[in-house]
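Below is one structure, written out as structure tokens, with a few remarks after it.
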Ligand code: IDP
Ligand code: MG
């Protein structure tokens, strides 16, 4: 297995997506693309966890509303692994503002407002590793899949 195929990203279905019953649909899209699901958990995130997760946005006017949104119900947090996980993950989510998201992306297919945009995905390999450690800790186990021999050249 090439090291590039081991790239990981942190993806989350936000509380609006969980309430709307989109967890299975969103996980399915990543499974169908060929990514391996490494971890999967329904989380009620604390203010502390979210403040760390979104620390780059602490000064923004929408920050208190963002935390309230992210605590309005459970978040379905998961980790994908595979070639291009971060970049492809972001592309599959679509632009932050669903009004600008390309058709076929998750946000374009399931959202209309930036403050209810259904899902999160890490924006760099560094953020992904930071977010995975924050939401899941350091000890996620990997596993082998026979299907990887069919997915990768
Ligand atoms: P991203 O989720 O696409 O990486 P970020 O700029 O990191 O976008 O913002 C994090 C989250 O904060 C967004 O997904 C969205 O839920 C929320 N957010 C960003 N900008 C706004 C805004 O202008 N109004 C309300 N919520 C916003
Ligand atoms: Mg972001």
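The values are calculated or read from the model by the stated rules, or taken from the named source; none is laboratory data. Since the model is a prediction, treat every value here as computed from it, not as a measurement. Neighbour counts run over all protein chains shown; Cβ positions are idealised from the backbone, glycine included.
General remarks:
- Enumeration of residues in the stretch 108-117 that are within 21 Å of residue 86 (Cα to Cα) and surrounded by fewer than 23 Cβ atoms within 10 Å (Cβ to Cβ): 108, 109, 110, 114
- Condition broken by residue 92, with the remaining ones in (1) part of a helix (DSSP H, G or I); (2) more than 15 Å from ligand 2 (Cβ to nearest atom); (3) touching a strand residue (DSSP E or B) at 6+ places or on another chain (Cβ under 8 Å) satisfied: (2)
- Residue list for the stretch 108-129, filter: within 14 Å of residue 8 (Cβ to Cβ) and more than 12 Å from ligand 2 (Cβ to nearest atom): 125, 126, 129
- Residue in the stretch 71-82 that is touching a residue at least 40 places away in the same chain (Cβ under 8 Å), farther than 24 Å from residue 21 by Cβ, in contact with a strand residue (DSSP E or B) (Cβ under 9 Å, 6 or more places away or on another chain) and not in a helix (DSSP H, G or I) present: yes
- When every residue of the stretch 44-53 is checked against the conditions, none turns out to be within 18 Å of residue 130 (Cα to Cα), within 14 Å of ligand 2 (Cβ to nearest atom), free of Cβ contacts under 8 Å to residues at least 12 places away in the same chain and not in a strand (DSSP E or B).
- Unmet criterion (only one of (1) more than 16 Å from ligand 1 (Cβ to nearest atom); (2) at pLDDT 95 or above; (3) more than 16 Å from the chain's Cα centre (by Cα); (4) assigned to a loop (DSSP other than H, G, I, E, B)) for residue 150: (4)
- Within the stretch 100-110, tally of residues that are more than 12 Å from the chain's Cα centre (by Cα) and touching a residue at least 24 places away in the same chain (Cβ under 8 Å): 1
- Test for residue 112: is it assigned to a loop (DSSP other than H, G, I, E, B) and either out of contact with any strand residue (DSSP E or B) (no Cβ under 6 Å at 6 or more places or on another chain) or within 22 Å of residue 57 (Cβ to Cβ) (or both): yes
- If you filter the stretch 26-43 down to residues that are in contact (Cβ under 8 Å) with a residue 60 or more places away in the chain and assigned to a helix (DSSP H, G or I), you find that the one that is surrounded by the fewest Cβ atoms within 10 Å (Cβ to Cβ) is 29.
- The set of residues in the stretch 15-25 being touching a helix residue (DSSP H, G or I) at 6+ places or on another chain (Cβ under 7 Å) and outside any helix (DSSP H, G or I) consists of 22 alone.
- All conditions but one from (1) more than 24 Å from residue 62 (Cα to Cα); (2) surrounded by 16 or more Cβ atoms within 10 Å (Cβ to Cβ) apply to residue 128; the one that does not is (1).
- The one condition from (1) surrounded by 14 or more Cβ atoms within 10 Å (Cβ to Cβ); (2) over 20 Å from residue 139 (Cβ atoms); (3) within 13 Å of ligand 1 (Cβ to nearest atom) that residue 53 does not meet is (2).
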